[in-house]
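**Student:** Before we start, here is the structure in question, set down as structure tokens.
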């Protein structure tokens, strides 16, 4: 543990443990996986065609998105509280980020699946355009033969 002294007063304790930044890494990992989930599922649907039903696509995106957004939210809360722990006089903003009144957590817990479905709408549009282009190519190939 390393103590930081500002102006003759003890201001914070900074840990020298290399694993302390792991919460931030996990929060970013949750966000990255949330961002990659809809395109990955839709690429799988495009490649597999009808073998992956639409219901499985929607449930996969909604369920996986719910998991990843809650995963990121939990570790973001841990990072926000790490910034306040050990500080003698933390700022109001830092305290507000750390206080767990539950509103943010309840909202992501109940509606995290909706984040994923709304985020995936542009990917559904791109998927529709790609599927339409594939159908047009196959029609032209059938008529050419």
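**Student:** With N set to the number of residues, divide the alpha-carbon radius of gyration of the range 74-145 by 2.2 N^0.38 Å and report two decimals.
**Tutor:** Dividing the Cα radius of gyration by 2.2 N^0.38 Å gives 2.14.
**Student:** List the extent of the Cα atoms of the range 46-116 along each of their three principal axes, largest first, rounded to whole Å.
**Tutor:** On the principal axes, the range 46-116 reaches 60, 21, 12 Å in Cα extent.
**Student:** From zero outward in steps of 5 Å, how is the percent of C-alpha pairs of the range 21-144 spread across the bins?
**Tutor:** Values per bin, smallest distances first: 2, 10, 16, 16, 14, 11, 9, 7, 5, 4, 3, 2, 1, 1, 0, 0.
**Student:** What percent do you get for the relative contact order of the range 30-115 when only Cα pairs under 8 Å and 6+ apart count?
**Tutor:** 36
Only the coordinates and a few stated rules stand behind these numbers; no lab work does. Please read these numbers as outputs of a predicted model, since none were measured by experiment.
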